[in-house]
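**Student:** The following block contains the structure, expressed as structure tokens.
The values are calculated or read from the model by the stated rules, or taken from the named source; none is laboratory data. No experiment lies behind these values; they were computed from the predicted model shown. Quick reminder, even Gly has a Cβ in these numbers, built from the backbone with ideal geometry, and neighbours come from all protein chains shown.
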Amino acid sequence: MGFITFDPGNAFKVLQAPACLTTAKFHPTEAGLITAGGHSGEIYVWNAFSDSDSLIASSGVGSIHGHKV
């Protein structure tokens, strides 16, 4: 994998989150992996280098709540 030129004026990729996020972290050795935590305890993992759906995993914890907070 080569280096990507970073241009702060243009987004490389827009990641859609299904809920409000409280934190996000980049993987220390896999540059394309981003993990985030949601307000209700959900955990999401995106692959920013994916050509299709970037969301590759989610915990689904927030879906067990019976009502919106």
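**Student:** For the subset of segment 5-49 comprising residues that are among the polar types (S, T, N, Q) and under 16 Å from S59 (Cα atoms), which member is nearest to the chain's Cα centre (by Cα)?
**Tutor:** T35
**Student:** Still on this structure, I have one more. Would segment 46-56 turn up any residue that is part of a strand (DSSP E or B), surrounded by 12 or more Cβ atoms within 10 Å (Cβ to Cβ) and at pLDDT below 90?
**Tutor:** Yes, segment 46-56 has at least one match.
**Student:** I need the full set of residues from segment 3-30 which are over 19 Å from D53 (Cβ atoms), in a loop (DSSP other than H, G, I, E, B) and touching a residue at least 12 places away in the same chain (Cβ under 8 Å), in order please.
**Tutor:** The answer is C20, and nothing else.
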